[in-house]
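Peer 1: This is the structure, below, for whatever I ask next.
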Amino acid sequence: QWNILSDYFLCFLPEKQPVQIRENKRYESIKIVLSSSLSKVKFNFVLYLCENIFDRFLTFFQREEPLIHLLYHELNDLYRNVLLSFLKSDSVQQKSGQDLLNINFEQSALWISDKEIKIGRFDCERTRKLMSSLNFDEKKSFYQDVRKIYITIANYLKKNLLLNNMLLRDLQVLDHSSRTDQSSGDRIIRIARTIPNLLDDREIDKLENEWALYLVELVDRSWYIKDEYIDSNGNIQITHVASFLPAASQLRALRSMHRSCA
């Protein structure tokens, strides 16, 4: 798209419509941007942010299947990926929730160097090649802007993502992989008690007993494995069912939660 726009505004218009663009302030502004190598680098960085940081998160939750139990994990991953784009990995590690929120990302001691910061598509190579056309001051200005952008994004996510929300954290128990978690019983009961008008006391007691039975039962693989096959490299590939619940009362609970969140 950049090459098409450049060809149109910098070649076609001056040659075919010189009168229309003469002393046209809007055209001059566009010409300055398209003639600047720094502008191309900046646009490429914005494209990188969209494709590699935000697109997956946004498209992932556009699916029709129940995904509420994955939201907390994905929120943590989103925030963690942003931080890892400009911070040292040992300051982020596998932290989640409040531990992630406690990271002081404006502290320069935690920053990675300019050469390491994530700035472009295709493993950053395209943007780095484009930067060879920039002079020292332009490169310095660009990296300063990149850090400001990352810090601004991190501040926004820190303020708005519910990384310390107990309910979202507990809802992970609805994933089949949480079946072996020793705290799963406490978490499913907290969910039932937290959401208003979801279950009465008798149903909560029943849910607690059913969950205890579910933890020791042998669950058929078809409940949580949607597809299983061997790929061209001989590796086993497994697609899991988004979520499953073992008893009727829990199914009612999940449907009610989805209605509450709708």
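Peer 1: Computed FRET efficiency, Cβ-Cβ of PHE136 and VAL19, R0 35 Å: what is it to the nearest 0.05?
Peer 2: Values: r = 40 Å, r/R0 = 1.14.
Rounded to the nearest 0.05, the efficiency is 0.30.
Peer 1: Testing the spin-label approximation: label points 7 Å from Cα along Cα→Cβ at ASN209 and ASP7. State their distance in nm.
Peer 2: Distance between the two pseudo-spin positions: 7.4 nm.
Peer 1: Suppose every K and R has +1 on its Cβ and every D and E has -1 on its Cβ; what is the size of the dipole of the stretch 45-183 about the Cα centre, in Debye to the nearest 20? The partial results should precede the final answer.
Peer 2: Working: 19 positive and 19 negative charges, 85 e Å.
It works out to roughly 400 debye.
Peer 1: For the stretch 39-160, what relative contact order do you get, as a whole percent, if you take Cα pairs closer than 8 Å and at least 6 residues apart? The partial results should precede the final answer.
Peer 2: Numbers: 77 pairs, mean separation 42.5, N = 122.
Taking the mean separation of contacting Cα pairs over the length of the stretch 39-160, I get 35 percent.
Peer 1: Let me ask you something else. Taking the highest mean first, how do the peptides 92-104, 187-199 order by number of other beta carbon atoms within 10 angstrom per residue? All intermediate terms of the calculation are to be shown ahead of the outcome.
Peer 2: Details: 92-104: 14.5, 187-199: 16.7.
Peptide ranking by packing, descending: 187-199, 92-104.
Peer 1: Still on this model: Would you please classify the overall shape of the stretch 5-159 from the alpha carbon gyration tensor, given that a ≥ b ≥ c denote the square roots of the eigenvalues, rounded means a/c under 1.5, and beyond that prolate means a/b larger than b/c while oblate covers the rest?
Peer 2: Values: a/c = 2.93, a/b = 1.78, b/c = 1.65.
Note, shape of the stretch 5-159 comes out prolate.
Peer 1: Which GluC sites (Glu not before Pro) in the stretch 1-68 pass both tests, a DSSP loop state and at most 10 other beta-carbon atoms within 10 Å? Don't skip to the end; give the middle numbers.
Peer 2: Details: sites: GLU15, GLU23, GLU28, GLU51, GLU64; in loops: GLU23, GLU64.
Here the GluC sites (Glu not before Pro) that fit, given the DSSP loop and packing criteria, are GLU23, GLU64.
Peer 1: Need the list of lysines near LYS206 for cross-linking: C-alpha distance under 30 angstrom, and skip anything on the same chain fewer than eight residues off.
Peer 2: Of all the lysines, those that pass the test against LYS206 - Cα under 30 Å, at least 8 places apart if same chain - are LYS226.
Peer 1: May I ask you to list the lysines whose Cα is less than 25 Å away from that of LYS159, ignoring any residue fewer than eight positions away on the same chain?
Peer 2: LYS88, LYS95, LYS118, LYS148
Peer 1: Order by neighbour count: SER132, SER91, SER177, fewest other Cβ atoms within 10 Å first, most last. If you can, show how the numbers build up before the last one.
Peer 2: Working: SER132 8, SER91 17, SER177 11.
With the sparsest Cβ surroundings first, the list reads SER132, SER177, SER91.
No value in this document is a laboratory result; all are computed from the given coordinates. Just so you know, these numbers come straight off a predicted model, no measurement behind them. Cβ sites come from the backbone with ideal geometry, for glycine too, and all protein chains shown count toward neighbours.
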